[in-house]
1. Express in Å², to the nearest 10, the accessible area of GLU322 obtained by rolling a 1.4 Å probe over the protein heavy atoms while all chains stay in place.
2. Regarding the chain, what's the average projected area of the Cα-atom convex hull, expressed in nm²?
3. Using Cα centres only, tell me the gap between region 753-768 and region 262-326 in whole Å.
4. Any idea how far the Cα center of region 46-93 sits from the one of region 156-195, in Å?
5. Taking the Cα centre of region 290-333 as origin and charging only Cβ (+1 Lys, Arg; -1 Asp, Glu), how large is the dipole, in debye to the nearest 20?
6. Could you tell me which GluC sites (Glu not before Pro) in region 550-657 are loop residues by DSSP with no more than 10 other beta carbons within 10 angstrom of their beta carbon?
7. How many nm is it between the label spots at GLN514 and THR293, if each spot is 7 Å from the Cα in line with the beta carbon?
8. Quote to one decimal, in nm, the extra length available between MET88 and GLU253 on full extension: 0.36 nm per residue of separation minus the C-alpha distance between them.
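The values are calculated or read from the model by the stated rules, or taken from the named source; none is laboratory data. On a predicted model such as this, the values are computed, not experimentally measured, just so you know. Note that each Cβ is placed from the backbone with ideal geometry, even for glycine, and that neighbours are counted across all protein chains shown. To get the accessible areas, we keep the full protein, side chains included, count just its heavy atoms, and leave off ligands, DNA and RNA. Shrake-Rupley method; radii C 1.70, N 1.55, O 1.52, S 1.80 Å.
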Amino acid sequence: MEQKTYTLPAIALRGLTVLPKMMIHFDVSREKSIAAVEKAMVEDQKVFLITQRQSEVMDPRQEDLFLVGCIASVKQLVKMPDNIVRVMVEGLERAELMDLDAEGAYLIAEVETVPAGADLEPLDYVASEAMMRLVKEKLEEYGKINPRMVKEILPNLLMIHDLEELLDQTAIQLPWDYTLRQEVLESLFLSVRYEHVIQSLVTEIDVAKIKRDFQMKVKAAIDKNQKDYILREQMRIIRQELGEDNPLSDADEYKKQLKALKADKEVKDKLLKEIDRLKTMPGGSQEGNVIRTYIETLLELPWKKASKDNNDIHHAEEILNEDHYGLDKVKERILEYLAVRSLTDKGGGTILCLVGPPGTGKTSIARSMAKALNKKYVRISLGGIRDEAEIRGHRKTYVGAMPGRLVEGLRQAGVANPLMLLDEIDKVSSDYKGDTSSALLEVLDGEQNVRFRDHYVEVPIDLSQVMFIATANTTQTIPGPLLDRMELIEVNSYTENEKFHIAKEYLIGKQLEQNGLKAEQVSISDHALEKIIHNYTREAGVRNLERRIGDICRKAAREFLEDKKKAIRVTEGNLEKYLGKERVTFEDANEEDQVGIVRGLAWTSVGGDTLQIEVNVMPGRGVLQLTGQMGDVMKESAQTALTYVRSVCPQYGIADDYFEKHDIHIHIPEGAVPKDGPSAGITMATAMLSAVTGRKVYAKVAMTGEITLRGRVLPIGGLKEKILAAKMAHIQKVLVPDKNRADISELSREITKGLEIVYVKSMEDVLAEAFAEGEEHDN
């Protein structure tokens with residue numbers, strides 16, 4: 001095809017590109033463009049269409065226009081209002097702008113036609129066919145994403161068999177931006193034009209896929225919202241027709257409950273405000289559900305609703321004695337507490353904390369107190385709680401928010417003055433969510449809990465009428481400020497006699513009932529019961545004792561079914577048949593007095609125990625060796641005892657260099673069991689002095705007390721358990737610090753019966769009572 005040069009009127013297009021064989025109409029409003037169209041209509045109807053680089057340029061020059069445009073034929077011209085002319089043109093062929101005259105009434109362009117792409121770049125059949133097929137494949141892929149195109153455009157494009165025409169028509173028919181069409185127009189070589197078209201197609205396909213995904217997601221969300229809305233509206237209308245639940249009827253019902261509610265004006269105002277908010281909420285809305293739950297929670301709280309207490313102190317005493325054996329000191333303190341409450345007619349006051357080993361009846365005492373006072377009983381387990389919100393509640397803005405355990409307990413009780421048991425208060429902990437113990441400070445302070453604020457309720461709650469009872473196994477882990485707010489009542493371990501009565505009067509009947517047996521079917525002799533307590537359990541409380549009785553009842557139940565027995569009697573002789581071999585053995589006092597062996601007394605979490613401290617002296621270099629898993633305090637106590645022994649050795653005729661030439665080894669048997677504390681000080685000093693001097697120590701003597709460097713004996717704790725352990729080991733004489741006289745005086749006659757209690761102030765007193773009469777042995 002020959003290149004030709006033409007001089008034609010030109011129209012500068014803004015935001016539009018015309019390609020060969022493209023039929024399009026557009027509006028022209030600039031005077032030069034209108035004049036160019038009119039000039040073309042007067043002559044051969046041909047006009048040169050060239051696109052501006054920047055659409056905002058009103059009077060373009062040659063540098064403002066692209067290099068390649070299109071010669072077009074004007075098919076129609078229609079004059080519109082406001083001096084606008086609508087032109088319909090058909091693109092004929094590409095042409096390159098050689099020169100532009102912009103000074104006249106219209107633009108005059110000197111252009112040179114461009115040869116066809118096939119002439120500029122002849123392609124063989126295979127390459128041309130491959131390009132054409134790939135373009136058609138992409139067009140079909142695009143058509144699958146855009147269904148409208150399948151019907152209107154795609155069939156015509158797929159019928160084209162000329163590569164150049166297919167590329168141009170693809171750019172014409174697809175809704176591309178004018179810049180893409182301009183690139184296709186300026187691509188004179190077919191390979192370059194093909195790359196532009198295929199790249200644009202791939203981009204359009206990717207964009208269409210992403211757009212389709214977004215549309216589907218949006219449509220799904222809209223469809224679900226519309227569906228939910230329609231269903232809610234249908235439900236609302238149905239409920240209205242039936243006269244049932246809807247926000248307005250709910251609000252009216254809440255207002256009725258609010259009128260009947262006994263509460264302060266602050267509470268009622270808050271509730272009224274929330275009820276009015278509920279009225280404005282659409283049915284089924286999330287916020288409406290939150291408000292509804294909040295209103296119901298506040299309406300269920302017993303703001304000024306209280307139960308009438310039973311202030312009969314004799315009735316309370318009967319209940320405590322009926323439910324518990326022993327624990328006289330605990331019962332006495334509780335009855336004093338109840339008497340003061342009755343006289344002052346105040347619900348608050350002192351908060352009691354029952355401290356003692358597991359299984360000693362702390363929780364059941366609290367339950368009996370509630371029964372005696374005719375109070376509602378609420379138990380709140382604090383063991384393992386780490387989140388402050390468990391006490392103060394969550395703010396209701398959070399999803400799934402709820403009030404704290406205290407408010408929830410009040411709601412369960414239904415009255416403002418229940419007995420609330422804070423169980424295992426020594427086992428609360430803290431983490432990054434807050435300190436639970438600090439949150440309890442306000443709760444257990446009678447001056448502050450009048451206006452306790454729960455984060456969920458947001459209205460002050462009066463906890464002063466609540467009777468708080470706390471339980472703990474130890475006070476070591478309770479923070480000081482929290483401990484200061486409570487009055488401690490020690491629930492000590494039971495004696496064997498107390499366990500015997502508890503088992504006989506309470507536990508046996510309870511286990512018979514739980515295992516479906518009657519009293520006449522199974523009987524346990526007193527001697528068998530004593531043996532169970534002494535040889536099958538070792539604890540401060542009675543939980544394991546109850547389990548052993550349960551074991552007997554289960555085996556008895558099986559015998560009834562298998563052997564058809566009418567009655568079973570468990571005696572000391574056949575006890576092994578039901579419980580197996582003895583599980584607990586007690587080390588009795590030695591029969592003979594020995595050198596370097598002294599019996600000490602220790603306190604453990606399951607009661608008292610005796611420790612046989614052994615000391616050996618051997619030639620060496622003055623080393624003190626300690627074995628038996630001793631703790632730091634116990635090791636320091638041993639060092640103190642050694643210093644004391646060395647200071648008094650001249651009185652016993654021991655050479656000055658004796659300790660430089662001899663090693664001393666102190667061992668406490670049961671090496672796998674950790675031991676600590678200062679109470680074995682006088683025992684270790686006595687054992688060392690016995691080993692060094694060769695003096696024997698009475699086998700039937702046990703002792704406990706802390707020693708100082710000058711030999712003074714200081715008081716210790718856990719005396720009740722230690723005295724019981726001494727009694728079980730058949731000790732005859734027990735040496736205790738003189739400053740522990742008050743503790744001994746509180747012990748019952750049952751515990752001290754058969755024991756000679758000797759009070760010691762110094763090591764001289766200890767040695768006078770411990771050393772056997774006779775000559776010293778040579779070392």
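1. Surface open to solvent at GLU322 totals about 110 Å².
2. On the way: hull surface 272.8 nm².
Result: a mean projected hull area of 68.2 nm².
3. Result: 60 Å between the Cα centres.
4. 20 Å
5. 400 debye
6. Values: sites: GLU559, GLU562, GLU572, GLU576, GLU582, GLU587, GLU591, GLU592, GLU614, GLU636; in loops: GLU572, GLU582, GLU587, GLU591, GLU592.
Answer by residue number: GLU591, GLU592.
7. Once both label points are built, they end up 3.7 nm from each other.
8. On the way: separation 165, 0.36 × 165 = 59.40 nm, distance 7.28 nm.
Additional length available on full extension: 52.1 nm.
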